[in-house]
Amino acid sequence: MGLAADERRLLSTLLDEVGPDAPTLCEGWRTRDLAAHLVVREHRLDAAPGIAVPALAGYTQRVQDGYAAQPWPELVEQVRRGPAWYWPAAIGPLAELTNAAEFLVHHEDVRRAQPGWHPRRLDPARADRVWQLARQAAKLNLRKTPVGVVLRTPDGRSAAVASGSPVVTVTGEPVDLLLFVFGRDAVKLGYEGDESAVAQLISAKRGV
């Protein structure tokens, strides 16, 4: 089973456990909103574009609110089942390509918003995959940072992902690095570099 499928399964189980009104790391969203977002993303060709296109966001929000109002077990089951048969990501390789980071990040959005959360330990193969995702996502998600950025894992792997000067090195486990480049702050990371540069990086827009 790929990372995307595993994270979908784990997230769906967690949604069952915490219910529809639990907090998430997504500003303004409870778990019902996050689940509805995932369903719209995989089922509504008319509304999904508004996730990324501001001019279409109003319609997408109305559609998402409609899903969020559904009975909770039905909404979670739609997340668990995955995309509609006609959706491109219903094909195995495309599902992994388009959903691995999405579902891992949203799984952690729920996990880390709950009291007493702690980092997960991934097996080496999964950690390698997440490190790859973090490097790939950073090239796009950190494009607006005013400083150079190097990502580094505790075992010494590193990648320059944003050009600029001065340079800040961000060190942490792959999951925390991935969450960081997607704009999340509930992470356990170390920062090396000029103090003002670190502050600029942390406060800069991160994410798509």
Selection within segment 144-161 - assigned to a strand (DSSP E or B), in contact with a helix residue (DSSP H, G or I) (Cβ under 7 Å, 6 or more places away or on another chain) and within 16 Å of residue 197 (Cα to Cα): 149, 151, 161
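Within segment 130-169, how many residues turn out to be in contact with an Asp or Glu (Cβ under 8 Å, 6 or more places away or on another chain) and buried (at least 17 other Cβ atoms within 10 Å of the Cβ)?
Within segment 130-169, the subset in contact with an Asp or Glu (Cβ under 8 Å, 6 or more places away or on another chain) is 153-154, 166, 168-169.
Then drop every residue that is not buried (at least 17 other Cβ atoms within 10 Å of the Cβ), which leaves 153, 168.
Summing the residues that are in contact with an Asp or Glu (Cβ under 8 Å, 6 or more places away or on another chain) and buried (at least 17 other Cβ atoms within 10 Å of the Cβ) in segment 130-169 gives 2.
Within segment 170-208, take every residue that is among the basic types (Lys, Arg) and modelled with pLDDT of 95 or more and give me the one that is surrounded by the most Cβ atoms within 10 Å (Cβ to Cβ).
As a first pass, look at segment 170-208 and keep what is among the basic types (Lys, Arg): 184, 188, 205-206.
Adding the requirement that they be modelled with pLDDT of 95 or more leaves 184, 188.
Working: 184: 18, 188: 11.
The selected residue is 184.
Between 52, 69, which is surrounded by fewer than 21 Cβ atoms within 10 Å (Cβ to Cβ), in the same structural domain as residue 100 (by TED's automatic domain parsing) and in contact (Cβ under 8 Å) with a residue 60 or more places away in the chain? If you could, list the steps in order and put the result at the bottom.
Values: 69 fails: in contact (Cβ under 8 Å) with a residue 60 or more places away in the chain.
Exactly one residue qualifies, and that residue is 52.
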Pairs, please: C-beta under 7 Å, at least 6 apart or cross-chain, first residue touching a residue at least 24 places away in the same chain (Cβ under 8 Å) and in segment 1-23, second assigned to a loop (DSSP other than H, G, I, E, B) and among the polar types (S, T, N, Q)? 18/114; 22/114
Can you tell me which residues in segment 1-45 are within 13 Å of residue 80 (Cα to Cα) and of a type in the set (Ser, Thr, Tyr)? 12, 13
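Looking at this structure, is residue 172 within 13 Å of residue 130 (Cα to Cα) and of a type in the set (Gly, Ala, Ser)?
On the way: within 13 Å of residue 130 (Cα to Cα): yes; of a type in the set (Gly, Ala, Ser): yes.
Yes; evaluated as a whole, the condition is true for this residue.
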Collect the residues in segment 153-208 that are in contact (Cβ under 8 Å) with a residue 12 or more places away in the chain and among the polar types (S, T, N, Q), keeping them in residue-number order. 153, 163, 165, 169, 171, 200
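Condition first: among the basic types (Lys, Arg) and under 19 Å from residue 45 (Cβ atoms). Now tell me which residues in segment 70-123 satisfy that. Steps first, please.
Start the filter on segment 70-123 by keeping residues that are among the basic types (Lys, Arg), which leaves 80-81, 111-112, 120-121.
81 - this is the single residue of segment 70-123 that is among the basic types (Lys, Arg) and under 19 Å from residue 45 (Cβ atoms).
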Those residues of segment 108-125 which are at pLDDT below 95 and in a helix (DSSP H, G or I) amount to 124, 125
Residue 103 vs (1) modelled with pLDDT of 95 or more; (2) in contact with an Asp or Glu (Cβ under 8 Å, 6 or more places away or on another chain); (3) not in a helix (DSSP H, G or I): all pass except (3)
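The values are calculated or read from the model by the stated rules, or taken from the named source; none is laboratory data. Remember, predicted model here, so these are calculated numbers, not experimental data. Every residue, glycine among them, receives a Cβ derived from its backbone with ideal geometry; neighbour counts consider all protein chains shown.
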